[in-house]
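The structure appears below as structure tokens.
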Amino acid sequence: MSQILTPRQAEELHKAIIAYLAANNLQSTASALRQELNIGEDLFDATTAKKYEGLLEKKWTSVVRLQKKIMDLESRNSVLQAELDSATPTSRQNKDPISWLPRSPARHTLQSHRQPITCVAFHPVFSVLASGSEDQTIKIWDWELGELERTVKGHTKAVLDVDFGGPRGNTLLASCSSDLTIKLWDPSDDYKNIRTLPGHDHSVSAVRFIPSGADGSSSNLLVSASRDKSLRIWDVTTGYCIKTLRGHLEWVRDVCPSIDGKYLLSGGDDRTARLWEHTSSSQEPKVTLIGHEHVVLCCAIAPATAYAHLAGMAGIKKPPVTSSVEFMATGSRDKTIRLWDARGTCIKTLTGHDNWVRGLVFHPGGKFLISVADDKTLRCWDLTQEGRCVKTISDAHDHFVQCIRWAPPVIKGGAVNGTDGNNGESNGTPKKGAAAGTDVQIRCVIATGSVDLNVRIFAN
């Protein structure tokens, strides 16, 4: 047998063992070992015994501690390795917008609201972000500089949602509130309240401008969702409600228009999501998505860039190209996210959040779905890997994360004199196609809002 220890190390070990045996009243065993190793009184007297007493126990406990540290380090290493194997490495993510994912820490933490933040929305052209809060105000920020520009007041109860959009060249800010109203504000005129839209019979929980046409160009239509169980469609130029959609049995929590404005996806307290073709004469939903076991709090329509990945998940060999709504996502108080096809079939349930799922946004590149929840985390789900969670920002906020939006893309050659250079696309939703002569670039910026009173900007 080959010697692992040097003669000196072996002698030290022998003396430590003899001291251990003697200290534990195993004198005969200690004497037998000393005799066998030829260690007499001259080499191991009382002083030597005192020196080596307890040494073996110290060495042993040190080894156990080191083993535990090694196991912890190996565990952390395997998590990091899995993230490297499954996701695009950070260095490449930062260079490639299609694979970019948010990372901690946030670039900016915006603080001014006095009550929980309920909603955020990006301006389609400028580096402007609006946030709404239970403190009844809307705050306007420069998200690039991380500075507060103004506070907009007018609602008399909590502001529940905000959105930028409207007719081309005349971007407006829409807001809705527990005070039963929707208000329109003009950013070009110091955010003056130019119109108030009454009509809902209970809190208005969501509001979105509806795009128009296959290229996502802007329109003058607005959709709202309410606790009165209805969706209403408004003409912002006249302030008239032109259509009311009824079908939900309870509070309608969220609404999302398709890129061409033809369809609306809504979700609510009746545990369903419903897809509406609002341009048709039918008052009935086109599809009802049934499967969640609790309130549906948020919904999102997948961009065309995600079709290939989601088609594979749905078992379809060739991704569909016929409709602006082929796949959808919903988030619920049942702590799950569900992915659906256009027929209303749930193709995947994503589990991982430990509390209510509050917000969803598809990555414009199509590879990922980003979610936020009351477990204070932001999670990234890889659609190329059957929806596996490949990244979690566990310290996204210090309290429930209530909302998330992705900044609209940079349109080069599309915006003139500060007009609506995003061609009116729905906030954070990638365009299906760009007008001739324009270059559409993904903007790697995400905003989140929380009960911790902070708005956070995650940016490349």
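The values are calculated or read from the model by the stated rules, or taken from the named source; none is laboratory data. This structure is a prediction, so every number in the text was calculated from the model and none was measured. Here the Cβ positions follow ideal geometry from the backbone for every residue, glycine too, while neighbour counts run over all protein chains shown. Heavy atoms of the whole protein, side chains included, go into the accessibility calculation; ligands, DNA and RNA do not. Shrake-Rupley method; radii C 1.70, N 1.55, O 1.52, S 1.80 Å.
If R0 is 22 Å, what FRET efficiency do you get for ASP42 and GLN9 from their C-beta distance, rounded to 0.05? Once the sixth-power term is evaluated, E becomes 0.55.
In terms of accessible area, using a 1.4 Å probe and ignoring ligands and nucleic acids, ASP334, ASP96 rank largest first as ASP96, ASP334.
For the chain, a simple Cβ point-charge model (Lys and Arg +1, Asp and Glu -1, everything else neutral) yields a dipole of about 540 debye relative to the Cα centre. The loop-placed GluC sites (Glu not before Pro) in region 263-344, going by DSSP, that have at most 11 neighbouring Cβ atoms within 10 Å of their Cβ come out as GLU293.
Dipole size of region 199-313 about its Cα centre, with +1 on Lys/Arg Cβ and -1 on Asp/Glu Cβ: approximately 60 debye, rounded to the nearest 20. Karplus-based coupling profile of region 379-394, in residue order and whole Hz: 10, 10, 10, 8, 6, 7, 10, 6, x, 5, 6, 9, 7, 10, 9, 6, with θ = phi - 60° in 6.51 cos²θ - 1.76 cosθ + 1.60 and x standing for Gly or Pro. Adding -39500 (n - 2.57) for every DSSP H run of four residues or longer, then dividing by how many residues the chain holds, sets the calculated 222 nm ellipticity at -5500 deg cm²/dmol. Accessible area of HIS278 (1.4 Å probe, protein heavy atoms only, ligands and nucleic acids ignored): about 20 Å².
Accessible surface of TRP356, taken over heavy atoms with a 1.4 Å probe and every protein chain present, rounds to 80 Å².
Only aspartates and glutamates eight or more places from LYS139 in sequence, or on another chain, were considered; those with a Cα closer than 19 Å are GLU147, GLU149, ASP161, ASP163, ASP179, ASP186, ASP189, ASP190, ASP452. Counting only protein heavy atoms and a 1.4 Å probe, the chain has 46 square angstrom of accessible area per residue.
Among ARG443, ARG65, the sequence by solvent-accessible area, most first, with a 1.4 Å probe is ARG65, ARG443.
Positive end of the dipole of the chain (Cβ unit charges, origin at the Cα centre): among GLY387, LEU148, THR336, the Cα lying farthest that way belongs to GLY387. Applying a threshold of 19 Å to the alpha-carbon distances of LYS317/LYS348; LYS153/LYS192; LYS229/LYS262; LYS367/LYS391; LYS262/LYS318 flags LYS229/LYS262; LYS262/LYS318 as lying beyond it. Ordering ALA19, THR137, GLN115 by the projection of their Cα atoms onto the charge dipole of region 10-157, which places +1 on the Cβ of Lys and Arg and -1 on the Cβ of Asp and Glu, puts THR137 at the extreme positive end.
Expressed as a whole percent, the accessible area of the chain that falls on carbon and sulfur atoms is 50 (1.4 Å probe). The calculated FRET efficiency for the pair GLN35 and SER62, based on their C-beta separation and a Förster distance of 45 Å, comes to about 0.90. Note on ASP72: accessible area approximately 80 square angstrom, rounded to 10, probe 1.4 Å, nucleic acids and ligands left out. Computed from the Kirkwood radius of its Cα pairs, the Stokes-Einstein diffusion coefficient for the chain at 20 °C and 1.002 mPa s stands at 87 µm²/s.
With 18 Å as the limit on Cα-Cα distance, the pairs of LYS15/LYS58; LYS286/LYS335; LYS335/LYS376 that go past it are LYS286/LYS335. The accessible-area ordering, largest first, of the residues LYS243, LYS58 stands as LYS58, LYS243, per a 1.4 angstrom probe.
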